[in-house]
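Novice: Take this structure first; my questions come after.
Any read-out appearing in this document is the output of simple, stated calculations on the displayed coordinates, not a laboratory observation. The structure displayed is predicted, hence computed values, not measured ones. Glycine also receives a Cβ, built like all others from the backbone with ideal geometry; neighbour counts cover every protein chain displayed.
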Amino acid sequence: MNIDLTGRTALVSGSTQGIGFAIAEGLARAGATVVVNGRDQERTKAAAGRIAARVPGAGLLPVAADLATAEGAETVHAVAPDLDILVNNLGIFGVKPALEIDDDEWRRYFEVNVLSAVRLIRTYLPGMIGRGWGRVMSIASDAAVTTTAEMIHYGMTKTALLAVDRGFAQAASGTGVTVNSVMAGPTHTEGVATFVRQLVGDELPWDEAQREFMRKHRPTSLLERLIEPAEIANLVVYLSSEYASATTGGALRVDGGYVNAILP
């Protein structure tokens, strides 16, 4: 399957590291011009530079903006007023006992993980509908349907994204624009690697440590290892293409079989 996104412009929010960086690189490899986004200008430029080194000739627009704010959305919209592909990847997560999460923390998680996506969809969806083509995706999580007790505030936001994307998919019904959620499973990012080490210790080599983590703490995984960010990116690149024209309003799992259910 040859996926060619030449001529398309994509924004990946929160794309200086982890899953977002892998998605930005994957879209660039497929030929899209990619808006690389982070809050810090130097880190954002550096991330775009790393992609440029890996993908010679890639079209990259580094834009430093806090997309959890209305001002940040306005900044990126001024640089890229029209998008063909929007990937809402920006998100925060952390471990905290449920009864210790205060109102401010609940609001912060909602504003960063959910409202940022709503705001960007509201900004770019009308233009996509007007042009008769577009792809919108939000990076959700297995936590949307298997909320863990140690981070219910994070799980709440990912559940909300499923509803947000389904609703906007209905708003774009019959227009040639698709809207989907991508439910990522336990993924090998810097933050998750730290989390794994906190739970299993520093003694084991990494490959053994991650498998020990999966056996003890994520035993329903059929992959029995952490997912690599590029594996998440592969699904996003496919959903961004013409091949995915009939896939919309869905919650699509790339979770290594972690969710022990036939449907999300």
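Novice: So what is the calculated 222 nm ellipticity per residue for the chain, using -39500 (n - 2.57) for each DSSP H run with n of 4 or more, over all residues, to the nearest 500 deg cm²/dmol?
Specialist: Here the helix-only value at 222 nm equals -13500 deg cm²/dmol.
Novice: From the residues Gly134, Val55, Leu83, which one has its Cα farthest along the dipole of the stretch 29-138 in the positive direction, the dipole being from +1 and -1 charges on Cβ of Lys/Arg and Asp/Glu about the Cα centre?
Specialist: The Cα lying farthest towards the positive end belongs to Val55.
Novice: On a full-extension model of 0.36 nm per residue, what is the gain between Glu242 and Gln17, subtracting their alpha-carbon distance, rounded to one decimal in nm?
Specialist: Once the chain is fully extended between Glu242 and Gln17, it gains 78.3 nm.
Novice: Turning to a different aspect of this structure: Give the lysines reachable from Lys158 as a straight Cα distance under 25 Å; neighbours fewer than 8 places away on the same chain don't count.
Specialist: Lys96, Lys216
Novice: Sort 195-205, 89-99, 149-159 by the packing proxy (mean of other Cβ within 10 Å over each peptide's residues), most packed first.
Specialist: The peptides rank, most packed first, as 149-159, 89-99, 195-205.
Novice: Same structure, new question: Under 5 Å between amide H atoms, partner at least 5 residues away or on a different chain: which partners does Ala32 have, H built in plane at 1.01 Å?
Specialist: Leu5
Novice: May I have the convex hull volume per residue, in Å³, for the Cα set of the chain?
Specialist: 133 Å³
Novice: Any idea which of Ser173, Gly26, Phe195 is furthest toward the positive side of the dipole for the chain, if Lys and Arg beta-carbons carry +1 and Asp and Glu beta-carbons -1?
Specialist: So the residue we want is Ser173.
Novice: Moving to a separate point now. How do 121-128, 100-107, 255-262 rank on mean C-beta neighbours within 10 Å, highest first?
Specialist: Output ranking for 121-128, 100-107, 255-262: 121-128, 255-262, 100-107.
Novice: Quote the charge dipole size of the chain about the Cα centre in Debye, to the nearest 20; the model charges only the Cβ of Lys and Arg (+1) and of Asp and Glu (-1).
Specialist: Computed about the Cα centre, the dipole is about 560 debye.
Novice: Once the Cβ-Cβ distance between Glu224 and Asp40 is put in as r, and R0 is 45 Å, what FRET efficiency do you end up with, to the nearest 0.05?
Specialist: It comes to 0.80.
Novice: Step through the residues of the stretch 146-154 one at a time and calculate ³J(HN,Hα) from phi using the Karplus curve (6.51 cos²θ - 1.76 cosθ + 1.60, θ = phi - 60°), rounding each to whole Hz and writing x for Gly and Pro.
Specialist: Per residue, the Karplus-derived 3J(HN,Hα) values read 10, 4, 8, 4, 7, 8, 6, 5, 5 Hz.
Novice: Quick one: length gained pulling Asp103 to Lys216 fully straight, 0.36 nm per residue minus the C-alpha distance?
Specialist: 37.5 nm
Novice: Let me ask something else about it. So how far, in whole Å, is the C-alpha centre of the stretch 1-61 from the one of the stretch 214-238?
Specialist: 22 Å
Novice: Something else: According to the Kirkwood expression over distinct Cα-Cα pairs, how big is the hydrodynamic radius of the stretch 160-237, in Å?
Specialist: On the way: mean 1/r = 0.0682 Å⁻¹.
In the stretch 160-237 this quantity evaluates to 14.7 Å.
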